[in-house]
Structures are given as C-alpha cells and as structure tokens.
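The values are calculated or read from the model by the stated rules, or taken from the named source; none is laboratory data. These figures come from a predicted structure and were not determined experimentally. Glycine also receives a Cβ, built like all others from the backbone with ideal geometry; neighbour counts cover every protein chain displayed.
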Amino acid sequence: MPDTKAEQRRRHERFSFHNAVTLTLDDGRQFQGTVDNMGFGGASMMVSGDPPEIPSGSPGKLRVVFFGRPTDYPCSVVSVHGTKLGIKILRADYQGAPEEMLSVKE
C-alpha cells in the first residue's frame, strides 16, 4: 500500500528514478550514492559506503545527471536512516532540469 505518512506529507508526487548522484554539503563533504525516487520537492538517496553522520537540516547541492547533462539542486538533508537520506529540494527554478520528469503538470 503506497499510502504512507511520508507520502501523505508530500506536496509533489515522487517517481521511481534510479540514477547515480553526488550530494555536496555546504561544509565541503561529498557523498556518492543513488537516488531511488525523486519529485519536484525532494528525493530519497542511498549513500554508498558507511552510514554518514549528517545533522538534519544540513544544506548542500544534489547533482543529478539527466541525459548526460549535470543539474545541481539546492537542497537540505531532512532525514538520515542508516545509509538512506531524505533530501528536500529548496527551490523550483532549476537551471536546465527537465521539469516534466519531476512533476505532474496540472
């Protein structure tokens, strides 16, 4: 059943999306991993390696490559559960991102 509390809180639908990403925090630390779902307002990331120590609310940028074109999303880490990170995308004016892949147009 997809009716979880997390999905009920979301303002934008998430889509299954498996892609390698890099999270660069404002403190300079970088984490490689894979996004398993993404939407207009956020993403779920699985970090490669050991569980990271990242305080909730840590700002950074999530780099996703769409069709060979890198796109950086200003973001913050909203949750850390082992190697799984909840990422909130902080603004909607993505430069170069294919918006139709990230949201359902009304």
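Give me the pairs: first residue in region 9-34 and among the hydrophobic types (A, V, I, L, M, F, W, C) and surrounded by 13 or more Cβ atoms within 10 Å (Cβ to Cβ), second residue at pLDDT below 70 and in a loop (DSSP other than H, G, I, E, B), beta-carbon distance under 8 Å, and six or more apart or on different chains, which are they?
If the second residue must be at pLDDT below 70 and in a loop (DSSP other than H, G, I, E, B), the pairs left are 15/102.
Given the conditions (1) modelled with pLDDT under 90; (2) closer than 16 Å to residue 90 by Cβ, and given that residue 61 satisfies all but one, which numbered condition is not satisfied?
Failing condition for residue 61: (1).
Please verify whether region 41-55 includes one or more residues that are at pLDDT below 85 and of a type outside the set (Asp, Glu).
Checked region 41-55: at least one residue is at pLDDT below 85 and of a type outside the set (Asp, Glu).
When region 38-64 is examined, which residues are found to be more than 11 Å from residue 85 (Cα to Cα) and in a strand (DSSP E or B)?
38, 39, 59, 60, 61, 62, 63, 64
Working carefully through the options 24, 34, find the one that is at pLDDT 95 or above and either among the small types (Gly, Ala, Ser) or in a strand (DSSP E or B) (or both).
Testing whether each residue is at pLDDT 95 or above and either among the small types (Gly, Ala, Ser) or in a strand (DSSP E or B) (or both) leaves just 24.
Of all residues in region 57-86 being closer than 17 Å to residue 40 by Cα and exposed (fewer than 13 other Cβ atoms within 10 Å of the Cβ), which is farthest from the chain's Cα centre (by Cα)?
70
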